[in-house]
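Quick notes on the structure that follows.
The values are calculated or read from the model by the stated rules, or taken from the named source; none is laboratory data. Since the structure is predicted, the reported quantities are computational estimates derived from the model, not experimental observations. When we count neighbours, we look across all protein chains shown, and the Cβ atoms used for this are built from the backbone with ideal geometry, even at glycine.
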Amino acid sequence: MREKIIEIAMANGADIVGFAPADRFDKNDAIFKIMPETKTVIGLAFRVLRGIYRGIEEGSTYYQYTTMAVENMEETIMPMAQLKVAMMLEQEGYIALPQRKHQQIMAEADSTNPEVAYDAVFRNRTAEVQMNFLDAAVKCGLGEKGFYQTLLTDKFGPMVRYCFILTDAKLEASEMVEPHLCDSCGKCAKGCPGNAIAPDGTVDAWQCAVYYNGANGTKNPFMPPEAFAGMDNRLEIIAGEAKVTPQTAKKILDKIYFYPPAQHAYQCSICGRACDMECYVHLEEKGVLTKKFKTPFRKRKPWHFEVEDFKAEE
């Protein structure tokens, strides 16, 4: 049955499949609040096409990342694979409960999800239990935890999204990945257009949201010269040097109308997760990724505009 799960998952778009026995999780883990009968957590990881990032790398096309790498993956591809595997498990008489991240529910009272509109997030929803997705991915053997709280895989580096199925079927465990990819080089932090990654690798969600949405004018081809008019620190915002609070972040995000959002409250990513791209470039240059391509991802020096281009509007 384990091999059948892998076959079905991969036939429906999954690239990596892993299995974690319940005893890898603390007895107070959220998975047991969601489904007390859990015996195995099945992890499914899906590559985000390398080509989808190239439009943002080159500054030529942007909507494919949000619509194809985020929205369609989360709302179509991943749920279909989960459902197909879950149907097979239930056909065999087992319980199968798909777990995909609800992008608009947060237990925190003052945080946000950069991928969706901040005013579409339901905060302080502690009754809405969600499992720790990164922790579960590591325990399922999908990859290792990277410096900036992301999953790194041998084939695709950080260019993956993932989801899970809880089941009462006992299945042979996958080996956990011994960390070997991340060398804490800090290039993810240096590549962030809004300095959202702290020296210890923690990510400021509001800082990330502002610059995920394109507040850095040096990396946003859609930003008009008069952007953020009337804001005292507009050039600091445009340069990616402004330190935001939840309150100031909302004011900035309310003025970002440079590019249309997708559906399901997903915001268009202008940075294209620059942290992931910088990490991927580093791993590819080191030669540690097992999935090889005919050409390197980064083919030329990264482009940028000058902050001076916006000074005339001060």
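Some values worked out for this structure:
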| quantity | calculated |
| --- | --- |
| Residue list for segment 87-127, restricted to those being within 30 Å of ARG2 (Cα to Cα), over 19 Å from the mean Cα position of the chain (by Cα) and in a loop (DSSP other than H, G, I, E, B) | GLU92, GLY93, TYR94, ILE95 |
| PRO302 vs. criteria in a loop (DSSP other than H, G, I, E, B), outside the structural domain of ARG47 (by TED's automatic domain parsing) and exposed (fewer than 14 other Cβ atoms within 10 Å of the Cβ) | no |
| Any hit, segment 66-78, residues being under 14 Å from the mean Cα position of the chain (by Cα), part of a strand (DSSP E or B), of a type outside the set (Val, Ile, Thr) and not assigned by TED's automatic domain parsing to the domain that holds ALA249 | no |
| Which listed residue, of GLU278, GLU236, GLU226, is acidic (Asp, Glu), in contact (Cβ under 8 Å) with a residue 40 or more places away in the chain and over 28 Å from ASP154 (Cα atoms) | GLU226 |
| Evaluation of VAL116 against (1) farther than 14 Å from ASP276 by Cβ; (2) in contact with a Ser or Thr (Cβ under 6 Å, 6 or more places away or on another chain) (one fails), failing number | (2) |
| Hits in segment 89-104 - residues which are surrounded by fewer than 21 Cβ atoms within 10 Å (Cβ to Cβ) and either under 23 Å from ARG47 (Cα atoms) or β-branched (Val, Ile, Thr) (or both) | ILE95, LEU97, PRO98, ARG100, LYS101, HIS102, GLN103, GLN104 |
| Count - residues of segment 265-299 that are assigned to a helix (DSSP H, G or I) and either exposed (fewer than 12 other Cβ atoms within 10 Å of the Cβ) or at pLDDT below 95 (or both) | 1 |
| Residues (aliphatic (A, V, I, L, M) and either part of a loop (DSSP other than H, G, I, E, B) or in the same structural domain as ASP110 (by TED's automatic domain parsing) (or both)) located in segment 250-264 | ILE256, ALA262 |
| For GLY217: the one exception among (1) surrounded by 20 or more Cβ atoms within 10 Å (Cβ to Cβ); (2) over 23 Å from the mean Cα position of the chain (by Cα); (3) not charged (D, E, K, R) | (2) |
| Residue count, segment 105-120 (criterion: free of Cβ contacts under 8 Å to residues at least 24 places away in the same chain and either touching a strand residue (DSSP E or B) at 6+ places or on another chain (Cβ under 7 Å) or surrounded by 17 or more Cβ atoms within 10 Å (Cβ to Cβ) (or both)) | 1 |
| Extreme residue, surrounded by the fewest Cβ atoms within 10 Å (Cβ to Cβ), among residues of segment 220-249 that are assigned to a helix (DSSP H, G or I) and more than 21 Å from the chain's Cα centre (by Cα) | GLN247 |
| Residues within segment 122-136 that are buried (at least 18 other Cβ atoms within 10 Å of the Cβ) and of a type in the set (Val, Ile, Thr), tallied | 0 |
| Filter result for LEU83 (surrounded by fewer than 16 Cβ atoms within 10 Å (Cβ to Cβ), in the same structural domain as LEU49 (by TED's automatic domain parsing) and either farther than 25 Å from GLY51 by Cβ or of a type outside the set (Asp, Glu) (or both)) | yes |
| Test set (1) more than 30 Å from THR61 (Cβ to Cβ); (2) not in a loop (DSSP other than H, G, I, E, B) - PRO199 fails condition number | (2) |
